[in-house]
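Heads up, the thing below is written out as structure tokens.
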Amino acid sequence: MNICVVGAGYVGLVTGVGLAELGHKVSCVDVDKKKIDKLKRGIVPFYERDLERLVRKNLEVKNISFTTDLEEGLKDSLFVFIAVGTPSRENGEADLSQIIQVTENMAAFMQDYKIIVIKSTVPADAFQLIRKILTKKKREGIDFDLVSNPEFLREGEAVYDFFHPTRIVIGVDEGKEEVAEKLAELFRPLNAPIIKTSIINAQMIKYASNVFLASRISFINEIANICEKVGADVEEIARGMSFDKRLGDGYLKPGIGFGGPCLIKDLKALIKIAETYGYEAQHLKSILAKNEHQVKHILLKVKKVLGDFLYGKTIGVLGLTFKPGTNDVRSSLALRIIDLLRKEGAQVKAYDPWGMEEAKLCLSDLNLCKDPYEVALGADMLLILTGWEEFKKIDFARIKKILKEPIIVDGVNLLDPEKMRALGFMYKGVGR
Ligand code: UGA
């Protein structure tokens, strides 16, 4: 099957490579010429585990190709997957400008019937807009069908998630069951449950799933903060809860809050969608407010150990990416916290195993160090903001000698409190 994927970000590229790996001929289109030039040479311009290996493998067997030319990509493709960004606008609404641009171009180039599959997370009325643009701008006599096929890939695990999906959700218009079935055929080798539903349901499944993950994180952070007051250990609480199958054990890791390009964006978008329909989503607003509050809570922890006046203090930060396993710093709460610390007059030195180049683009004057030891040297305390496994292997006895004060605030509960205290640190985690 010939397939065109528009948008070579982590969703589009993983989807394209995954489908190529399943034996299809995939043409990946992106407007970013530099990105496409790199991909043609087998270089993935961002880090995603296993992705580069699969890009190279499928380039070699000619199952995947890369182009900036949408017309070329569309030629001979029955399926067109749209996986361009839908970032948040200032007011929280999803910004559909990339979707609109692609739809207009596609309408101009479509030479035959296409099944247009929307991977990007968009509000349901975006489908009406896409349909309107296509109907208005396409050549006469050329038909299309629209499908919603939300993705549930996690950054850092996206390749694994593509091949082991928990479910495939396919939303189509009434009477278009055969179109849903055609798309289902593509994913059948993955042996996942396939949910065929309406377009609005498919979109709401995506929003509700991301928002529910966000709500679990805000919930456990709330419990963590209460645990600090009553002298309980939130890690034990989460473990104790997890034996109940109704509660499960996912997304109960307390920390600095949820960051990244998806959860915050989708939460804001759903609040806005509800508002447009005249409904105030109070619960969703409180999930977002809790996330904001958690950042302040971490700042307060720092102040508790260093004093309210941070001017002239040097804080060594470990971790810049929004989570481990990625070099992505988009909506990274680590960067938010650094920004707040610096606004209070603190000096920040930082290290991250993969995220330093990206962080530099956001905070150009950030003092970046070559390793955790350079971060600790002469700093008043150490602050951990991303849970990289490799931070566990740091020689903390050495860190203790070079820090001005042996203080660690562990914003992601990465380290063992007992071990740290035994080494002589004043150690503060979250909720324990
Ligand atoms: C999220 C969803 O997990 C994916 O299913 C979805 O496809 C994706 O958004 C998307 O819509 O594109 P992702 O943003 O890659 O994936 O990141 P997550 O692994 O879900 O983590 C999000 C944030 O929550 C991170 O800052 C992470 O550190 C934090 N988190 C996660 C916690 O604080 N505690 C937890 O227990 C889990």
Can you list the aspartates and glutamates whose alpha carbon is less than 18 Å from that of Lys401, not counting same-chain residues fewer than 8 positions off?
Asp371, Glu374, Asp380
Relative to the longest principal Cα axis of the chain, at what angle does helix 125-137 sit, 0 to 90 degrees, rounded to 10?
40 degrees
Pop a pseudo-label 7 angstrom from the Cα along the beta-carbon direction at both Ala208 and Asp249 and give the gap in nm to one decimal.
2.7 nm
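With +1 assigned to the C-beta of every Lys and Arg and -1 to the C-beta of every Asp and Glu, and no other charges, what is the dipole magnitude of the chain about the Cα centre in debye, to the nearest 20?
Dipole size: approximately 840 debye.
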At q = 0.15, 0.20, 0.25, 0.26 Å⁻¹, what is the base-10 log of I(q)/I(0) for region 292-382 according to the Debye formula with one equal point scatterer per Cα and no solvent? Please give it to two decimals.
-0.52, -0.94, -1.38, -1.45
Simple spin-label model, 7 Å along Cα-to-Cβ: Arg398 to Glu174 in nm?
6.8 nm
Paramagnetic reach from Glu390 (point 7 Å along Cα→Cβ, amide N under 19 Å) across region 404-425
412, 414-415
At a 10 angstrom cut-off on C-beta neighbours, averaged per residue, how do the peptides 127-137, 108-118 rank from highest to lowest?
108-118, 127-137
For region 149-252, place one equal point scatterer on every Cα, skip the solvent, and apply the Debye formula. What is log10 of I(q)/I(0) at q = 0.18, 0.20, 0.24 Å⁻¹?
-0.94, -1.05, -1.24
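Just in region 127-197: which GluC sites (Glu not before Pro) are loop by DSSP and have at most 10 other Cβ atoms within 10 Å? Let's see the in-between values first.
Details: sites: Glu140, Glu151, Glu155, Glu157, Glu174, Glu177, Glu178, Glu181, Glu185; in loops: Glu140, Glu151, Glu155, Glu157, Glu174.
Sites meeting the loop and neighbour criteria: Glu140, Glu174.
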What residues have an amide H closer than 5 Å to that of Ile315, excluding those fewer than 5 places away on the same chain, when H is modeled at 1.01 Å from N in the peptide plane?
Gln347, Val348, Lys349, Asp380
Taking the highest mean first, how do the peptides 226-238, 310-322 order by number of other beta carbon atoms within 10 angstrom per residue?
310-322, 226-238
Determine ³J(HN,Hα), in whole Hz, for all residues of region 339-350 in sequence, where each value follows from phi through the Karplus function 6.51 cos²θ - 1.76 cosθ + 1.60 and θ = phi - 60°; x replaces Gly and Pro.
4, 5, 4, 5, 5, 7, x, 6, 8, 10, 10, 9
Thr197's amide H: which non-local residues (gap 5+, or another chain) put their own amide H closer than 5 Å, with H modeled 1.01 Å from N in plane and none for Pro or chain starts?
Ile170, Gly171, Val172
Report Rg(Cα)/(2.2 N^0.38 Å) for region 71-169, keeping two decimals.
1.15
Give me the Kirkwood hydrodynamic radius of region 1-64, using the inverse of the mean 1/r over all pairs of distinct Cα atoms, in Å to one decimal.
11.3 Å
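Calculate the translational D of the chain in whole µm² s⁻¹ from Stokes-Einstein, where the hydrodynamic radius comes from the Kirkwood formula applied to all Cα pairs, the temperature is 25 °C and the viscosity 0.890 mPa s. Show your work: numbers first, answer last.
Values: Rh = 23.4 Å.
Here the translational diffusion coefficient equals 105 µm²/s.
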CD proxy at 222 nm, helix term only [per DSSP H run n ≥ 4: -39500 (n - 2.57); per residue of the chain; nearest 500]
-13500 deg cm²/dmol
Using Cα-only point scatterers and the Debye equation, what is log10 of I(q)/I(0) for region 208-329 at each q in 0.19, 0.22 Å⁻¹, rounded to two decimals?
-1.17, -1.32
Straight-line reach from Lys285: which aspartates and glutamates fall under 19 Å, measuring Cα to Cα and dropping same-chain residues less than 8 apart?
Glu90, Glu93, Glu222, Asp266, Glu275
Estimated FRET transfer efficiency when R0 is 51 angstrom, pair Arg139-Cys362 (beta carbons, to 0.05):
0.70
Quick check: residue separation of Arg167 and Glu60 times 0.36 nm, minus the Cα distance between them. What number comes out in nm?
35.5 nm
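Take the Cα pairs of region 371-432, get the Kirkwood Rh, then feed it into Stokes-Einstein at 25 °C and 0.890 mPa s and tell me D in µm²/s.
Reported coefficient: 214 µm²/s.
For the chain, what proportion of DSSP beta bridges, expressed in % and rounded to the nearest 5, is antiparallel? Could the numbers behind the result be given before it?
Numbers: 2 of 46 bridges.
Bridges in the chain are about 5 percent antiparallel.
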Cβ-based charge dipole, the chain, positive-most Cα from Ile271, Gly387, Val5:
Gly387
By how many nm would the segment from His283 to Asn191 lengthen if fully extended, with 0.36 nm per residue of separation less the alpha-carbon distance?
29.6 nm
For labels at Glu418 and Asp371 in the simple 7 Å Cα→Cβ model, what's the distance in nm?
2.9 nm
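If you stretched the chain out fully between Met426 and Asp95, how much longer would it get, using 0.36 nm times the residue separation minus the C-alpha to C-alpha distance? Walk me through the numbers before you get to the answer.
Working: separation 331, 0.36 × 331 = 119.16 nm, distance 4.52 nm.
So the extension gain works out to 114.6 nm.
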As I understand it, the value is the acute angle between the Cα axis of helix 199-230 and the longest principal axis of the Cα atoms of the chain; what does it come to in degrees, rounded to 10?
10 degrees
Cα centroids of region 108-125 and region 228-279: how far apart, whole angstrom?
32 Å
Amide H of Val6 versus every other amide H placed in the peptide plane: which residues, excluding those fewer than 5 positions away on the same chain, fall under 5 Å?
Val29, Phe81, Ile82, Ala83
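We did not get these values from a lab; they are worked out from the coordinates using the rules stated. Just so you know, these numbers come straight off a predicted model, no measurement behind them. Counting neighbours? That spans all protein chains shown, and the Cβs are built from the backbone with ideal geometry, glycine included.
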